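Data first, discussion second: the structure below is written as C-alpha coordinates.
The values are calculated or read from the model by the stated rules, or taken from the named source; none is laboratory data. Note that the structure is a prediction, hence the values are computed from the model and not measured. Quick reminder, even Gly has a Cβ in these numbers, built from the backbone with ideal geometry, and neighbours come from all protein chains shown.
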Amino acid sequence: MKFSYLNDAFFSRLETLSLNLRSNLAGYFGGKHLVKTYGQTVEFADFREYQLGDDIRRIDWNLFSRFEKYFLRLFTDERQMQVQVFLDCSASMGKDNPEKGAYAIATAAALGFLAVQNMDKLSFHFMRENASENPFGTIVGKNAFFRAIGTFENLELGEDSDIAACIASCPDTGENNGLTVIVSDFFTESNWKKAVDYLCYKKRQVLLIQVLAPEEIDPTYDGRVHLIDSESVDEADPKNMKFRITPGLQKAYEMALNDMRQDMQTFCTKRGVGFISVATNTPIERVLFGELLKGGIMS
(Lines give C-alpha, C1' and ligand atoms only; values in the text may rest on other atoms or scores of the structure.)
Protein backbone atom coordinates (compact mmCIF):
# COMPACT_ATOMS: atom_id res chain seq x y z
CA MET A 1 0.00 0.00 0.00
CA LYS A 2 1.89 3.04 -1.31
CA PHE A 3 -0.48 5.80 -0.18
CA SER A 4 0.25 6.79 3.44
CA TYR A 5 -0.53 9.49 5.99
CA LEU A 6 2.15 8.30 8.42
CA ASN A 7 5.00 10.78 8.83
CA ASP A 8 6.63 12.89 11.52
CA ALA A 9 4.28 15.84 10.95
CA PHE A 10 1.25 13.57 11.41
CA PHE A 11 2.39 12.29 14.80
CA SER A 12 3.63 15.68 16.01
CA ARG A 13 0.06 16.99 15.70
CA LEU A 14 -1.07 14.32 18.17
CA GLU A 15 1.28 15.30 20.99
CA THR A 16 -1.34 17.41 22.76
CA LEU A 17 -4.01 14.66 22.87
CA SER A 18 -4.55 11.78 25.27
CA LEU A 19 -6.98 8.89 25.55
CA ASN A 20 -9.77 9.43 28.05
CA LEU A 21 -10.63 6.00 29.47
CA ARG A 22 -13.28 5.19 32.06
CA SER A 23 -12.15 5.65 35.66
CA ASN A 24 -13.70 2.36 36.79
CA LEU A 25 -11.33 0.21 34.73
CA ALA A 26 -8.90 -1.89 36.74
CA GLY A 27 -5.74 -1.76 34.61
CA TYR A 28 -2.18 -2.34 35.77
CA PHE A 29 0.06 -0.41 38.14
CA GLY A 30 2.34 2.29 36.80
CA GLY A 31 0.29 4.17 34.20
CA LYS A 32 -1.18 7.64 33.83
CA HIS A 33 -4.93 7.01 34.04
CA LEU A 34 -6.63 8.13 37.24
CA VAL A 35 -9.04 5.52 38.60
CA LYS A 36 -11.63 5.63 41.35
CA THR A 37 -9.69 3.40 43.73
CA TYR A 38 -7.05 4.79 46.07
CA GLY A 39 -3.40 3.98 45.53
CA GLN A 40 0.19 4.93 46.21
CA THR A 41 0.75 8.12 44.20
CA VAL A 42 1.96 11.34 45.84
CA GLU A 43 -1.27 13.23 45.08
CA PHE A 44 -3.53 13.49 48.13
CA ALA A 45 -7.17 12.44 47.66
CA ASP A 46 -9.01 12.07 50.98
CA PHE A 47 -9.02 10.87 54.62
CA ARG A 48 -10.81 7.98 56.26
CA GLU A 49 -10.86 6.57 59.78
CA TYR A 50 -8.28 3.99 60.73
CA GLN A 51 -9.45 0.36 60.76
CA LEU A 52 -7.77 -2.62 62.35
CA GLY A 53 -5.17 -3.99 59.95
CA ASP A 54 -4.49 -0.70 58.14
CA ASP A 55 -0.90 0.41 57.56
CA ILE A 56 -0.04 2.63 60.56
CA ARG A 57 2.53 4.49 58.44
CA ARG A 58 -0.36 6.20 56.65
CA ILE A 59 -1.87 7.63 59.84
CA ASP A 60 -2.03 11.43 59.86
CA TRP A 61 -0.65 12.34 63.31
CA ASN A 62 -1.57 16.01 62.91
CA LEU A 63 -5.23 15.04 62.76
CA PHE A 64 -4.75 12.71 65.74
CA SER A 65 -3.38 15.62 67.79
CA ARG A 66 -6.48 17.68 66.95
CA PHE A 67 -9.24 15.09 67.20
CA GLU A 68 -7.63 12.26 69.20
CA LYS A 69 -8.81 9.84 66.54
CA TYR A 70 -6.80 7.95 63.96
CA PHE A 71 -7.22 8.93 60.30
CA LEU A 72 -5.45 7.56 57.23
CA ARG A 73 -4.22 9.69 54.35
CA LEU A 74 -5.53 8.37 51.00
CA PHE A 75 -3.85 9.07 47.67
CA THR A 76 -4.97 8.85 44.06
CA ASP A 77 -4.25 5.76 42.02
CA GLU A 78 -2.97 5.79 38.44
CA ARG A 79 -3.11 2.71 36.24
CA GLN A 80 -1.70 1.46 32.96
CA MET A 81 -4.36 0.28 30.53
CA GLN A 82 -4.35 -2.30 27.75
CA VAL A 83 -5.32 -0.75 24.39
CA GLN A 84 -6.15 -3.11 21.54
CA VAL A 85 -6.70 -1.91 17.98
CA PHE A 86 -8.43 -4.37 15.64
CA LEU A 87 -8.03 -3.37 11.98
CA ASP A 88 -10.24 -4.90 9.31
CA CYS A 89 -7.97 -6.15 6.51
CA SER A 90 -10.71 -7.27 4.12
CA ALA A 91 -10.53 -6.22 0.47
CA SER A 92 -13.31 -3.65 0.86
CA MET A 93 -11.04 -1.65 3.17
CA GLY A 94 -8.88 -0.47 0.30
CA LYS A 95 -7.76 -3.15 -2.14
CA ASP A 96 -9.13 -1.02 -4.98
CA ASN A 97 -9.02 2.27 -3.06
CA PRO A 98 -5.57 2.81 -1.49
CA GLU A 99 -6.63 6.10 0.08
CA LYS A 100 -9.36 4.37 2.11
CA GLY A 101 -6.93 1.74 3.35
CA ALA A 102 -4.34 4.38 4.23
CA TYR A 103 -6.95 6.41 6.11
CA ALA A 104 -7.99 3.39 8.20
CA ILE A 105 -4.37 2.54 8.93
CA ALA A 106 -3.59 6.13 9.94
CA THR A 107 -6.59 6.18 12.29
CA ALA A 108 -5.44 2.94 13.92
CA ALA A 109 -1.87 4.23 14.17
CA ALA A 110 -3.00 7.54 15.71
CA LEU A 111 -4.90 5.76 18.48
CA GLY A 112 -1.90 3.48 19.03
CA PHE A 113 0.39 6.49 19.34
CA LEU A 114 -1.85 8.04 21.98
CA ALA A 115 -1.80 4.75 23.89
CA VAL A 116 2.00 4.51 24.09
CA GLN A 117 2.20 8.23 24.85
CA ASN A 118 0.04 7.51 27.92
CA MET A 119 2.40 4.66 28.90
CA ASP A 120 -0.33 2.12 28.10
CA LYS A 121 0.18 -1.38 26.72
CA LEU A 122 -0.73 -1.55 23.03
CA SER A 123 -1.41 -4.32 20.53
CA PHE A 124 -2.42 -4.22 16.85
CA HIS A 125 -4.61 -7.04 15.56
CA PHE A 126 -5.12 -7.48 11.81
CA MET A 127 -8.43 -9.20 11.08
CA ARG A 128 -8.36 -11.59 8.13
CA GLU A 129 -11.07 -14.12 7.35
CA ASN A 130 -11.75 -15.99 10.65
CA ALA A 131 -8.69 -15.05 12.70
CA SER A 132 -6.78 -12.01 13.91
CA GLU A 133 -3.03 -11.67 13.58
CA ASN A 134 -0.88 -9.89 16.17
CA PRO A 135 2.58 -9.70 14.56
CA PHE A 136 4.13 -7.29 17.08
CA GLY A 137 2.99 -8.69 20.43
CA THR A 138 2.55 -6.20 23.27
CA ILE A 139 3.98 -2.78 22.42
CA VAL A 140 5.24 -0.53 25.20
CA GLY A 141 7.01 2.74 24.44
CA LYS A 142 7.43 4.88 21.34
CA ASN A 143 10.50 3.07 19.99
CA ALA A 144 8.62 -0.24 19.76
CA PHE A 145 5.60 1.60 18.34
CA PHE A 146 7.51 3.23 15.48
CA ARG A 147 9.24 -0.05 14.63
CA ALA A 148 5.81 -1.66 14.31
CA ILE A 149 4.14 0.98 12.15
CA GLY A 150 7.17 1.02 9.85
CA THR A 151 5.69 -2.14 8.31
CA PHE A 152 2.13 -0.82 7.90
CA GLU A 153 2.63 0.40 4.34
CA ASN A 154 3.16 -3.23 3.26
CA LEU A 155 -0.10 -4.39 4.81
CA GLU A 156 -2.02 -6.66 2.44
CA LEU A 157 -5.81 -6.58 2.14
CA GLY A 158 -7.65 -9.76 1.22
CA GLU A 159 -10.98 -11.52 1.52
CA ASP A 160 -13.90 -10.77 3.85
CA SER A 161 -13.24 -10.73 7.60
CA ASP A 162 -15.51 -12.31 10.19
CA ILE A 163 -15.17 -9.68 12.92
CA ALA A 164 -16.78 -11.80 15.65
CA ALA A 165 -14.58 -14.82 14.89
CA CYS A 166 -11.45 -12.67 14.63
CA ILE A 167 -11.95 -11.07 18.05
CA ALA A 168 -12.96 -14.37 19.65
CA SER A 169 -9.71 -15.88 18.35
CA CYS A 170 -7.64 -13.29 20.19
CA PRO A 171 -5.95 -15.21 23.04
CA ASP A 172 -5.94 -12.29 25.48
CA THR A 173 -8.65 -9.67 25.11
CA GLY A 174 -8.21 -8.75 28.77
CA GLU A 175 -10.96 -8.01 31.24
CA ASN A 176 -11.92 -4.62 32.68
CA ASN A 177 -8.47 -3.27 31.92
CA GLY A 178 -8.64 -1.00 28.90
CA LEU A 179 -9.91 0.00 25.49
CA THR A 180 -10.69 -2.07 22.39
CA VAL A 181 -11.00 -0.21 19.08
CA ILE A 182 -12.43 -1.80 15.92
CA VAL A 183 -11.62 0.03 12.66
CA SER A 184 -13.70 -1.22 9.74
CA ASP A 185 -16.26 -0.22 7.13
CA PHE A 186 -18.56 -2.88 8.65
CA PHE A 187 -19.64 -3.91 5.13
CA THR A 188 -19.71 -7.53 6.16
CA GLU A 189 -22.13 -10.39 6.47
CA SER A 190 -20.52 -11.45 9.75
CA ASN A 191 -22.21 -10.70 13.06
CA TRP A 192 -20.07 -7.82 14.33
CA LYS A 193 -22.63 -7.15 17.08
CA LYS A 194 -21.69 -10.48 18.62
CA ALA A 195 -18.10 -9.23 18.89
CA VAL A 196 -19.21 -6.05 20.65
CA ASP A 197 -21.36 -7.99 23.12
CA TYR A 198 -18.39 -10.28 23.85
CA LEU A 199 -16.13 -7.30 24.57
CA CYS A 200 -18.80 -5.72 26.79
CA TYR A 201 -19.07 -9.03 28.66
CA LYS A 202 -15.31 -8.79 29.22
CA LYS A 203 -15.92 -5.28 30.63
CA ARG A 204 -13.77 -3.64 28.00
CA GLN A 205 -14.31 -0.04 26.94
CA VAL A 206 -15.19 -0.30 23.24
CA LEU A 207 -14.95 2.13 20.33
CA LEU A 208 -16.12 1.43 16.77
CA ILE A 209 -14.76 3.57 13.93
CA GLN A 210 -16.50 3.13 10.59
CA VAL A 211 -14.36 4.31 7.67
CA LEU A 212 -16.15 4.96 4.37
CA ALA A 213 -14.97 6.35 1.04
CA PRO A 214 -16.95 9.32 -0.38
CA GLU A 215 -18.24 7.20 -3.27
CA GLU A 216 -19.61 4.68 -0.76
CA ILE A 217 -21.61 7.43 0.93
CA ASP A 218 -22.75 9.19 -2.24
CA PRO A 219 -22.26 6.98 -5.32
CA THR A 220 -22.01 8.83 -8.63
CA TYR A 221 -22.66 5.82 -10.87
CA ASP A 222 -25.38 6.09 -13.48
CA GLY A 223 -26.76 3.97 -16.27
CA ARG A 224 -25.78 0.34 -16.89
CA VAL A 225 -22.89 -0.87 -14.75
CA HIS A 226 -21.16 -4.11 -13.85
CA LEU A 227 -20.51 -4.17 -10.09
CA ILE A 228 -17.84 -6.61 -8.89
CA ASP A 229 -17.47 -7.47 -5.22
CA SER A 230 -13.87 -6.73 -4.25
CA GLU A 231 -13.95 -9.63 -1.79
CA SER A 232 -15.21 -12.16 -4.32
CA VAL A 233 -12.80 -14.77 -5.68
CA ASP A 234 -15.24 -16.20 -8.22
CA GLU A 235 -16.47 -14.26 -11.25
CA ALA A 236 -19.73 -16.23 -11.06
CA ASP A 237 -20.39 -15.02 -7.51
CA PRO A 238 -24.02 -13.80 -7.29
CA LYS A 239 -22.71 -10.64 -5.61
CA ASN A 240 -21.24 -9.61 -8.97
CA MET A 241 -24.13 -8.07 -10.87
CA LYS A 242 -24.95 -6.21 -14.05
CA PHE A 243 -27.87 -3.82 -13.81
CA ARG A 244 -29.05 -0.31 -14.53
CA ILE A 245 -28.73 2.33 -11.82
CA THR A 246 -31.67 4.69 -11.63
CA PRO A 247 -32.38 7.68 -9.37
CA GLY A 248 -34.80 5.49 -7.41
CA LEU A 249 -32.10 2.87 -6.86
CA GLN A 250 -29.65 5.53 -5.68
CA LYS A 251 -32.25 6.83 -3.24
CA ALA A 252 -32.84 3.31 -1.93
CA TYR A 253 -29.09 2.87 -1.39
CA GLU A 254 -28.87 6.16 0.50
CA MET A 255 -31.75 5.14 2.77
CA ALA A 256 -30.24 1.69 3.38
CA LEU A 257 -26.87 3.20 4.32
CA ASN A 258 -28.49 5.72 6.68
CA ASP A 259 -30.52 2.93 8.28
CA MET A 260 -27.34 0.88 8.78
CA ARG A 261 -25.48 3.74 10.43
CA GLN A 262 -28.45 4.61 12.62
CA ASP A 263 -28.78 0.97 13.67
CA MET A 264 -25.08 0.91 14.61
CA GLN A 265 -25.44 4.13 16.61
CA THR A 266 -28.51 2.85 18.48
CA PHE A 267 -26.91 -0.51 19.21
CA CYS A 268 -23.73 1.12 20.54
CA THR A 269 -25.54 3.74 22.62
CA LYS A 270 -27.56 1.07 24.43
CA ARG A 271 -24.33 -0.67 25.44
CA GLY A 272 -22.27 2.37 26.32
CA VAL A 273 -20.03 1.79 23.31
CA GLY A 274 -18.45 4.63 21.36
CA PHE A 275 -19.24 4.88 17.64
CA ILE A 276 -18.22 7.31 14.92
CA SER A 277 -18.63 7.06 11.15
CA VAL A 278 -16.19 9.05 9.03
CA ALA A 279 -15.50 9.66 5.35
CA THR A 280 -11.96 9.53 4.01
CA ASN A 281 -12.27 13.06 2.61
CA THR A 282 -12.57 14.32 6.20
CA PRO A 283 -9.15 15.36 7.59
CA ILE A 284 -8.03 12.85 10.20
CA GLU A 285 -7.22 15.71 12.57
CA ARG A 286 -10.90 16.70 12.49
CA VAL A 287 -11.87 13.16 13.44
CA LEU A 288 -9.39 13.06 16.32
CA PHE A 289 -9.82 16.62 17.58
CA GLY A 290 -13.52 16.80 16.80
CA GLU A 291 -15.52 13.57 16.81
CA LEU A 292 -13.48 11.69 19.40
CA LEU A 293 -13.18 14.72 21.69
CA LYS A 294 -16.93 15.28 21.41
CA GLY A 295 -17.52 11.61 22.22
CA GLY A 296 -15.34 11.78 25.32
CA ILE A 297 -12.79 9.28 23.99
CA MET A 298 -10.02 11.88 23.98
CA SER A 299 -9.11 14.78 26.17
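Consider residue 136 against the criteria (1) surrounded by 14 or more Cβ atoms within 10 Å (Cβ to Cβ); (2) over 18 Å from the mean Cα position of the chain (by Cα); (3) not small (Gly, Ala, Ser): it satisfies all of them except one. Which criterion is unmet?
(2)
The rows are residues; the columns are (1) among the hydroxyl-bearing types (Ser, Thr, Tyr); (2) loosely packed, with under 14 Cβ neighbours inside 10 Å; (3) not assigned by TED's automatic domain parsing to the domain that holds residue 101.
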position	(1), (2), (3)
252	no, yes, no
257	no, no, no
269	yes, yes, no
272	no, yes, no
276	no, no, no
279	no, no, no
284	no, no, no
287	no, no, no
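Tell me the residue from 190, 184 that is under 15 Å from the mean Cα position of the chain (by Cα) and among the hydroxyl-bearing types (Ser, Thr, Tyr), please.
On the way: 190 fails: under 15 Å from the mean Cα position of the chain (by Cα).
Step by step, each of 190, 184 is checked, and only 184 is under 15 Å from the mean Cα position of the chain (by Cα) and among the hydroxyl-bearing types (Ser, Thr, Tyr).
Please count how many residues of the range 80-92 are more than 16 Å from the chain's Cα centre (by Cα), buried (at least 24 other Cβ atoms within 10 Å of the Cβ) and either of a type in the set (D, E, K, R) or in a helix (DSSP H, G or I) (or both).
Let us first name the residues in the range 80-92 that are more than 16 Å from the chain's Cα centre (by Cα), namely 80, 90-92.
Among the residues that remain, those that are also buried (at least 24 other Cβ atoms within 10 Å of the Cβ) are: 90, 92.
Keeping just the survivors that are either of a type in the set (D, E, K, R) or in a helix (DSSP H, G or I) (or both) gives 92.
So the count comes out to 1.
With respect to residue 176, is the statement that it is more than 18 Å from the chain's Cα centre (by Cα) and closer than 26 Å to residue 267 by Cα true? Even if it seems obvious, please write down each step before you answer.
On the way: more than 18 Å from the chain's Cα centre (by Cα): no; closer than 26 Å to residue 267 by Cα: yes.
In short, no.
Residues are listed down the side, and each one gets a yes or a no for (1) in contact with a Phe, Trp or Tyr (Cβ under 9 Å, 6 or more places away or on another chain); (2) in contact (Cβ under 8 Å) with a residue 40 or more places away in the chain:
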position	(1), (2)
134	yes, no
141	no, no
163	yes, yes
166	yes, yes
